[in-house]
Amino acid sequence: MNVFEAVKGNVTTRQAAEMYGIKVNRNGMAVCRPMAVIASIRSFPAFRSTNIPSIMTMALSTSIPIASTKAAEYKTGDNQGAYDENLVYRIVDSVDCRDLVVGEEYTVKGVLKNKATGLPFIDADGNTVTGETTFTAEAEDQIVNVEFNFKANLEVVPIVVCESLYQQGVEIYVHDSMEDKDQTIDYLKLRTKAHDKETGTNVGTVSETATIVDSVMFNNLRVGSTYEVNGYLMNKDTGSELLDKNGNRITATKIFTAESTEQTVDMEITLDSSLLEGTTVTVFEDVYYNGVKAGTHCDITNADQSIFYPKIRTSAADGDTNSHVGVVGGKSTIVDTVTYTNLIVGKTYTVSGYLMNQDTNTAILDKDGNKITSSRTFTAATANGSIDITFEFDSSDMEGSTAVVFEDLYHNDIRVTTHSDITNSDQSILYLKIRTKAHDKNTGDHNGTVGPETTIIDTVTYTNLIAGREYTLKGYLVDRATQMPLRDSEGNLVSSTKNFVANNANGTVDMEFTFDSTGLGDHTLVVFEDIYDTESGVKLTSHSDIGSEEQSIYYIDVFLSGWIYTLTRFAFLLCKQICSRYTSAAGERKYMMQSNKKVAFSHFFVSVCPRLAGAFCFVSGSDYSIGVQASFSTSSALSMEVIRPRRM
């Protein structure tokens, strides 16, 4: 038993009062001047080193001077702590004082303590937080408010307000129970961890209807209290709040009642993320209590609060030309370089691509009807980088068409973004097409002129070239009978080459072949054309159809001898006798034979004397060509330019 307990147990109030001549009021409270009493008590050797006011108070009082205290956060009005953006706080503690002496001056001094440590709470400036109110008692029982103003970070800190009552500078009572809930202000803490609903991670899905799930973890809730959580989205790159396409905030709200001091609440925020490629979105959460903000988690740099929306862009190139110009025929290769942005380092992704036909907007299929695809899985070493995807296929049927590479990016087997723009030139490989139409420069058609210097003009029609890019046309002549290239007297290939820059995707280029056609009677020449990409020197495609009529020039042997010459000469003179002579507008000598009068001769000439056609006519369908420039039909008049046969 200590000295306080001994005094309290053995000395009644009245005994102590009578001993010192002190009046005791009806409440059992001694009415005195404490300093005079203390001076008297100090005359006793046993009390010289003792806290006299406290002992005296216990001995003379049958009631407690501070019956209770009720602390309240200034904004909420109760024991729930509020949040201030500037970290400036005020606590008001209502102290219920009892058995005061009316007219006496008292002082209530308070100090804030950390409930977890029991030590005085230190503010942001490193000082102990205290409050003090001096008052003159107006009644025996009086409530006095003590304010505590300070600046600090109060996340998850429970604050206990401890009070002491002083009379004339002497501490007469202390109220500092660390377990008293009325003396405690609870400042809560919240942390959030966001994830994409589809992927289950911080990798976001680029979609018109994406969902973010934000798990809000609370500490230091007051059980039974009701809270409201408000979440909204921030653009980490700009530091501004994220708005939808209509300019509205993207938010979510949830109300819950705390079942324990620690609790997790899931928030779902639905948004259109289709415009967020390459953007990082951070979820901010505020919690409210009775309409007052009680806590927040708004760290824009926090990765756990963030969703990373990836972005990919692609640039395709033909494996041979290393450009957007494709090679037609056989095994072709497209290398698509996929550039990615805003990936999460250490996460695993898969790029999966396929080829589309721009003209039909459908997938390109192989001979078995399968899509032409390629994929590659990788772990992101950096947030931004690139990766190559290779496609191999037979491009023989791609003449004049454009292949567009579509790429999808996957994470956890979920497609998180795509680059699939059918009109995008960077994603495209253009496979050109050429067709040719040859004619003799003199005749203007497919009938060739035999002579020491003759010229074939081949008009090359091209499709699907890249405007502004340089190409090279290389042509040569092939004998249809032997299917061998034509060579001159010195053994050189009869060929022509022309470089040109495409002004448009589609157009024509004329190629000229000049050579000695002597001796090509009864021969047919076919023009073969190849087109090259000038920059890379790679052959892109060709038109080399040995059976093509459009590419062909026909040569007739008009140099005769012997009896064939005699018969031909006879036919020539006969024609002159039975045909009417006239001069054309161009001054050329022509002969006209009316078919209704001379049809029989026409048929006889062609049917009975087919060998004479070697001199100046041959059969083509139902039309007959005389020489190289005239023609007639059995149902119309015959107009012809007679070619005089000459002896070799």
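Toward the positive end of the charge dipole of segment 298-453, about the Cα centre and with charges on Cβ (Lys, Arg +1; Asp, Glu -1), which of Val338, Ile300, Ser428 goes farthest?
Ile300
Which GluC sites (Glu not before Pro) in segment 433-498 sit in a loop by DSSP (not H, G, I, E or B) and have at most 11 other Cβ atoms within 10 Å of their own Cβ?
Answer in residue order: Glu453, Glu490.
Quote to one decimal, in nm, the extra length available between Asn10 and Thr128 on full extension: 0.36 nm per residue of separation minus the C-alpha distance between them.
Result for the pair: 38.5 nm of gain on full extension.
Peptides 534-542, 123-131, 187-195: what's the order by average Cβ count within 10 Å, highest mean first? If you can, show how the numbers build up before the last one.
Numbers: 534-542: 17.2, 123-131: 14.2, 187-195: 21.0.
Ranking, from highest mean packing down: 187-195, 534-542, 123-131.
Efficiency by 1/(1 + (r/R0)^6): what FRET value for Glu259 and Ser396, r their Cβ-Cβ distance, R0 = 56 Å, to the nearest 0.05?
My answer for the efficiency is 0.20.
Tabulate in residue order the Karplus-calculated ³J(HN,Hα) for segment 488-494, using 6.51 cos²θ - 1.76 cosθ + 1.60 with θ = phi - 60°, rounded to whole Hz; enter x for Gly and Pro.
Couplings: 7, 5, 9, x, 7, 5, 7 Hz.
What are the GluC sites (Glu not before Pro) within segment 237-286 that DSSP puts in a loop, where the Cβ has at most 16 other Cβ atoms within 10 Å?
Listed in order of number, the matching sites are Glu259, Glu262.
For a quick check: with amide H placed at 1.01 Å from N, whose amide H comes under 5 Å from Lys347's, ignoring anything fewer than 5 positions away on the same chain?
Correct list: Ala380.
What's the magnitude of the charge dipole for segment 424-499 around its Cα centre, counting Lys and Arg as +1 and Asp and Glu as -1 at the beta-carbon? Answer in Debye, nearest 20.
For segment 424-499, the charge dipole is close to 260 debye.
Once you have a ≥ b ≥ c as the square roots of the Cα gyration tensor eigenvalues for segment 145-184, tell me rounded if a/c is under 1.5, and otherwise prolate or oblate according to whether a/b is larger than b/c.
The shape class here is oblate.
What's the local net charge at Glu470, with K and R +1, D and E -1, over the other residues with C-beta under 9 Å away?
Once all neighbours under 9 Å are counted, the net charge is -1.
Tell me which of Val527, Ala502, Thr482 sits at the most positive position along the dipole axis of segment 466-529, charges placed on C-beta atoms (Lys, Arg +1; Asp, Glu -1).
Ranked along the dipole, the leading option is Ala502.
Among Lys151/Lys236; Lys151/Lys254; Lys245/Lys347; Lys75/Lys113; Lys498/Lys539, which pairs are too far apart, with a Cα-Cα distance over 24 Å?
On the way: Lys151/Lys236 28 Å; Lys151/Lys254 30 Å; Lys245/Lys347 30 Å; Lys75/Lys113 20 Å; Lys498/Lys539 14 Å.
The answer is Lys151/Lys236; Lys151/Lys254; Lys245/Lys347.
Taking the Cα centre of segment 460-509 as origin, work out the dipole magnitude from +1 charges on Lys and Arg Cβ and -1 charges on Asp and Glu Cβ, in debye rounded to 20. Intermediate results must be reported in sequence, preceding the final value.
Values: 5 positive and 4 negative charges, 31 e Å.
The dipole magnitude comes to about 140 debye.
Length gain on complete extension for the stretch Asn145 to Asp522, per 0.36 nm per residue less the alpha carbon to alpha carbon distance?
Additional length available on full extension: 123.2 nm.
Starting from the Cα of Met484, step 7 Å along the direction of its Cβ; do the same at Asp96; then give the gap between the two resulting points in nm.
The answer from the label model is 12.4 nm.
Label points 7 Å out from Cα along the Cβ direction at Ser425 and Thr270: separation in nm?
Roughly 4.1 nm, to one decimal.
Size of the dipole of segment 465-548 about the Cα centre, Lys and Arg at +1 and Asp and Glu at -1 on the beta carbon, nothing else charged, in debye to 20?
Taking the Cα centre of segment 465-548 as origin, the dipole is about 200 debye.
So how much slack lies between Ala303 and Ser495, counting 0.36 nm per residue of separation and subtracting their Cα-Cα distance, in nm?
Values: separation 192, 0.36 × 192 = 69.12 nm, distance 6.76 nm.
Between Ala303 and Ser495, full extension yields 62.4 nm more.
If I model a spin label as a point 7 Å beyond the Cα along the Cα-Cβ vector, how far apart are those points for Asp388 and Thr337 in nm?
The two pseudo-label positions are separated by 1.0 nm.
Quick note: the coordinates plus some simple rules give every number you see, no bench work behind them. No experiment lies behind these values; they were computed from the predicted model shown. Note that each Cβ is placed from the backbone with ideal geometry, even for glycine, and that neighbours are counted across all protein chains shown.
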